[in-house]
Amino acid sequence: MLNLTTDTTDASWQMWAQEAALADTFRAKAFGITPANVVEVIEKRSHLLRSVLPVFSQFCQNTLQIPPQAMLQVLWDLWLPLGIKLATQRQNLGRPLIQGILGGQGTGKTTMSKVLGLILQELGYRCLSLSLDDLYKTYGDRLILTQQDPRLIWRGPPGTHDVDLGLNLLDHIRQGENPVIVPRFDKSAYAGAGDRTTPEIVTDVDIVLFEGWFVGVRPIEPEEFAIAPAPIVTPEDRKFASDMNRQLRDYLPLWDRLDSLILLYPIDYRCSLEWRKQAERQMIAAGKPGMTELEVAEFVNYFWRSLHPELFIKPLVKSPTVDLVIEIHLDHTFGAVYSHHI
């Protein structure tokens, strides 16, 4: 195990780290670690760990409000090799890299994006975090949308985003244009309904981490809704799911801009319901407004009816459109890390 006092230059520790890196064959394959390069890989990762540790420790204490030691092993086993992998991809590509990150509620995609940003900065790359949320249509446009389709009671499902806004941004970044105007979204505006806020002006973007709950998700065959899992139970539910599936087609040009896609995959999709309940309980305990357990269940079920994880996410685990799968356990810890096409 790694701790804050470990001497990563120690020869015996280096030997142990090399053996550990090769022991998990799936992870080793995903990160391109072989018996031929493992010595170099561990030396490079050790050096990067030492340089990133001060900013990482500060991030853990100030943002996550947990001791750095609690996240150190994840940093070593997952985030550092992933950061190195992205930097290598960027270097080989010769233009800005658009990295998609697909993950539902509580999978840690926002935290991972922030940590990767710190690591990539240490490696000399300018990283831009972009959320699918940043591409929401304006409050006014979504009001009109709700009048047209009263089923769109919450922002989030396919159809509530401005796809062209995302396409323009990603195309400008891929072409190396400077500066670029990055849309941002304020979820607190209009009593939580949310609206666009002041965009961010950014220059010299090397890597975009584009994350969201259905980034990279593609339409499925309509007949799959005939035997759909709960909560898609009524004819109205199936109609809504089918309509959302059709809306996904509009997002395909956006997904085509992705150079790579990472899937943060809960081993049981129902984890997201429990994670959302935990988050709301913590908000209420902190004196902030939060949803009741019944409201949380209604909220999560709504999104399962629109894009059910069993229908849309599970098939992606073995899809050629996904470059890396990272399994997530109920306690938020990371499980297996693998790739099917390296």
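Quick note: the coordinates plus some simple rules give every number you see, no bench work behind them. Because the structure is predicted, anything quoted here is derived from the model rather than measured. Neighbour counts are summed over all protein chains in view; Cβ atoms, including those assigned to glycine, are modelled from backbone coordinates with ideal geometry.
Kindly indicate the residue of segment 88-114 that is in contact with a Ser or Thr (Cβ under 6 Å, 6 or more places away or on another chain) and not in a helix (DSSP H, G or I) and also nearest to residue 216 (Cα to Cα) among those meeting that condition. Don't jump to the end; show me each part of the working.
From segment 88-114, those in contact with a Ser or Thr (Cβ under 6 Å, 6 or more places away or on another chain) are 99, 104-106, 113; that's our starting set.
Cutting the leftovers down to not in a helix (DSSP H, G or I) gives us 99, 104-106.
Details: 99: 10, 104: 12, 105: 16, 106: 18 Å.
Here the answer is 99.
Might you let me know whether segment 222-237 holds any residue that is touching a strand residue (DSSP E or B) at 6+ places or on another chain (Cβ under 8 Å) and charged (D, E, K, R)? Please lay out each step first, then the result.
Just the residues of segment 222-237 that are touching a strand residue (DSSP E or B) at 6+ places or on another chain (Cβ under 8 Å), to begin with: none.
No, because not a single residue in segment 222-237 is touching a strand residue (DSSP E or B) at 6+ places or on another chain (Cβ under 8 Å) and charged (D, E, K, R).
Take segment 190-213 and flag every residue that is assigned to a loop (DSSP other than H, G, I, E, B) and touching a Pro at 6+ places or on another chain (Cβ under 9 Å). So that I can check it myself, show each step before the final result.
Initially, segment 190-213 is screened for residues assigned to a loop (DSSP other than H, G, I, E, B), giving 190-194, 203-206, 213.
Of everything in segment 190-213, those that are assigned to a loop (DSSP other than H, G, I, E, B) and touching a Pro at 6+ places or on another chain (Cβ under 9 Å) turn out to be 192, 203, 204, 205, 206.
Of everything in segment 1-39, what is closer than 28 Å to residue 58 by Cα and among the acidic types (Asp, Glu)? Give them in sequence order.
7, 10
Of the conditions (1) in contact (Cβ under 8 Å) with a residue 12 or more places away in the chain; (2) touching a Cys at 6+ places or on another chain (Cβ under 8 Å), residue 66 fails just one. Which one is it?
Failed condition: (1).
Can you name the number of the only condition in (1) surrounded by fewer than 15 Cβ atoms within 10 Å (Cβ to Cβ); (2) farther than 18 Å from residue 251 by Cβ that residue 164 fails?
Result: residue 164 fails condition (2) only.
If you scan segment 190-207, which residues turn out to be touching a helix residue (DSSP H, G or I) at 6+ places or on another chain (Cβ under 7 Å) and either of a type in the set (A, V, I, L, M, F, W, C) or without any contact (Cβ under 8 Å) to a residue 24 or more places away in the chain (or both)?
Once the filter is applied, which keeps residues that are touching a helix residue (DSSP H, G or I) at 6+ places or on another chain (Cβ under 7 Å) and either of a type in the set (A, V, I, L, M, F, W, C) or without any contact (Cβ under 8 Å) to a residue 24 or more places away in the chain (or both), segment 190-207 yields 193, 205, 207.
Of (1) farther than 19 Å from residue 161 by Cα; (2) surrounded by 16 or more Cβ atoms within 10 Å (Cβ to Cβ), residue 255 satisfies all except one. Which?
So residue 255 meets the others, but not (1).
Taking the options 337, 322, 296, 317, name whichever one is at negative phi, in contact (Cβ under 8 Å) with a residue 24 or more places away in the chain and in contact with a Lys or Arg (Cβ under 6 Å, 6 or more places away or on another chain). Walk me through it before giving the result.
Working: 322 fails: in contact with a Lys or Arg (Cβ under 6 Å, 6 or more places away or on another chain); 296 fails: in contact (Cβ under 8 Å) with a residue 24 or more places away in the chain; 317 fails: in contact with a Lys or Arg (Cβ under 6 Å, 6 or more places away or on another chain).
Step by step, each of 337, 322, 296, 317 is checked, and only 337 is at negative phi, in contact (Cβ under 8 Å) with a residue 24 or more places away in the chain and in contact with a Lys or Arg (Cβ under 6 Å, 6 or more places away or on another chain).
For segment 36-56, enumerate the residues that are touching a residue at least 40 places away in the same chain (Cβ under 8 Å) and either in contact with a strand residue (DSSP E or B) (Cβ under 9 Å, 6 or more places away or on another chain) or among the polar types (S, T, N, Q) (or both).
Passing the criteria: only 51.
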